[in-house]
Amino acid sequence: MSGGIEGDHLNIAWSTDIDTKGEGTLKRSNSNSSSKIKAYKMSWIDYKSKIPESEGCVFRGQDVITKLSTSFHRNNRFDLYRYDSEDINEAHKILSNQTRHFFQLDQGNQRGAFLNLLQHHGYPTPLLDWTNSPYVAAFFAFHNLTKEAIKTKIKEGQDHVRIFVLDNNHWSSRINQFSDMATHINHVSIIDCLALENPRAGPQQAVTMLTNMVDIEEHILNLAPESLTAFDIPITEAEKVMSDLGLMGITSSSLFPGIDGACNWLKLKNFGFT
């Protein structure tokens, strides 16, 4: 076997004692580089009129325009085999006395549900949250934007939020999907997770993406570029967006069942957009 690194590429060549040979090239992922997704800048009104054309898609809203990346990879962890065998088992031991349901980790759908539970309570996972609702995605893109945050972002040159749109029908029907986080095959998969101990999943119309890829965007664009697009909406429309979403019943109170969500909604209702 021989090989070498040239820039961002690792070139490998090999031969065997049975007269077979081959070669290949691996490209280094760079999730910190600028996004190459084709994004459409539009107003909130235009977004609402465009959405009906997005049947079969899933959505993700972000208040920063960065590449798609899981919290696991953003925390500079890359060994999913160790994570799967050590982190998950440790968390299961500690959390089992705090959940009403005892998760059977040897059952794939329950292991996925437990991983989703960790995700929704702040522990880094190789999952990425999406939703079937374009309006829930808009909520997540805008809900942290106070007037002060908007001023700061504009000064920093960040004047739009981004809503990613993945044509799940197109992607899942053409690209192999995996539910095993530690598989050696590069993948970005939409998986079904039970909503055990997760009362937020239903209201948020949650969809779960599992991946072992640092750069999700590059992987999708390399295999099926037409599957992934994005809409960029001005952050200055935040107050109008949150008002419209409130009329639709999409609020902190409805998406985050519990005291915290209710108080966030009451704050917006009684103190206004501040």
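Here, each number is a calculation from the coordinates, and none is a lab measurement. Bear in mind the structure is a predicted one, so any value in this text is a computation, not a measurement. All Cβ positions, glycine included, derive from the backbone under ideal geometry; neighbour counts span all protein chains shown.
Note down the magnitude of the dipole of the chain about its Cα centre, charges +1 on Lys and Arg C-beta and -1 on Asp and Glu C-beta and zero elsewhere, to the nearest 20 debye.
On the way: 26 positive and 32 negative charges, 188 e Å.
Magnitude of the dipole: close to 900 debye.
Return the long-range amide H neighbours of Lys41 (sequence gap of 5 or more, or a different chain), with a cut-off of under 5 Å between placed amide H atoms.
Asp232
With a sphere of radius 14 Å drawn around the Cβ of Met42, what net charge do the other residues whose Cβ falls strictly inside it have (Lys, Arg +1; Asp, Glu -1)?
On the way: positive: Lys38, Lys41, Lys48, Lys50, Arg162, Lys240; negative: Asp46, Glu53, Asp159, Asp232, Glu237.
It works out to a net charge of +1.
Rounded, prolate or oblate: which fits segment 64-164 when a ≥ b ≥ c are the square roots of the eigenvalues of the alpha-carbon gyration tensor, with rounded for a/c under 1.5 and prolate only if a/b beats b/c? Before the final figure, lay out each step's value.
On the way: a/c = 2.56, a/b = 2.08, b/c = 1.24.
The shape class here is prolate.
Which residues in segment 116-147 place their backbone N less than 13 Å from a point set 7 Å from the Cα of Gln158 along the Cα-to-Cβ direction?
Only 141-146 fall inside the zone, counting backbone N under 13 Å.
For mean projected area of the Cα convex hull in nm², several values are listed as (1) 19.0; (2) 13.8; (3) 17.7; flag the one computed from this structure.
(3)
Taking amide H positions as placed 1.01 Å from N in the peptide plane, with prolines and chain starts having none, which residues 5 or more places from Val207, or on another chain, fall under 5 Å of its amide H?
Trp130, Thr131, Asn132
Taking the chain as the reference, fit the longest principal axis to its C-alpha atoms, fit the long axis of helix 259-271 to the helix C-alpha atoms, and give the angle between the two in degrees, 0 to 90, nearest 10.
50 degrees
Pop a pseudo-label 7 angstrom from the Cα along the beta-carbon direction at both Leu223 and Asp244 and give the gap in nm to one decimal.
3.3 nm
Between Arg174 and Leu266, take the C-beta separation as r, use R0 = 51 Å, and let me know the FRET efficiency to the nearest 0.05. If you can, show how the numbers build up before the last one.
Working: r = 46 Å, r/R0 = 0.89.
The value I calculate is 0.65.
In nm, give the distance between the simple-model label positions of Thr146 and Asn109, each being 7 Å from the Cα along the Cα-to-Cβ direction.
If labels sit at Thr146 and Asn109, their model points lie 4.3 nm apart.
To the nearest 20 debye, what is the magnitude of the charge dipole of segment 74-122 about its Cα centre, counting +1 on the Cβ of each Lys and Arg and -1 on the Cβ of each Asp and Glu?
It works out to roughly 180 debye.
Given contacts defined as C-alpha pairs under 8 Å and at least six residues apart, what's the relative contact order of the chain, whole-number percent?
Numbers: 419 pairs, mean separation 69.2, N = 274.
Once normalised by length, the contact order is 25 percent.
If neighbour count is taken as other Cβ atoms inside 10 Å, put Phe273, Phe59, Phe178 in order from fewest to most. Please report the intermediate quantities before stating the final value.
On the way: Phe273 13, Phe59 26, Phe178 16.
Listed from fewest to most nearby Cβ atoms, that is Phe273, Phe178, Phe59.
So, counting K/R as plus one and D/E as minus one, what does the shell of residues with Cβ under 13 Å around Tyr83 add up to?
On the way: positive: Arg77, Arg82, Arg111; negative: Asp79, Asp84, Glu86, Asp87, Glu90, Asp180.
Net of charged neighbours comes to -3.
Straight-line reach from Lys36: which lysines fall under 18 Å, measuring Cα to Cα and dropping same-chain residues less than 8 apart?
Within the straight-line cut-off, Lys36 pairs with Lys27, Lys67.
May I ask you to evaluate 6.51 cos²θ - 1.76 cosθ + 1.60, the Karplus curve with θ = phi - 60°, for each residue of segment 40-57 and list the ³J(HN,Hα) values in order in whole Hz, giving x for glycine and proline?
9, 7, 7, 7, 4, 4, 5, 4, 5, 7, 7, 4, x, 7, 9, 5, x, 9
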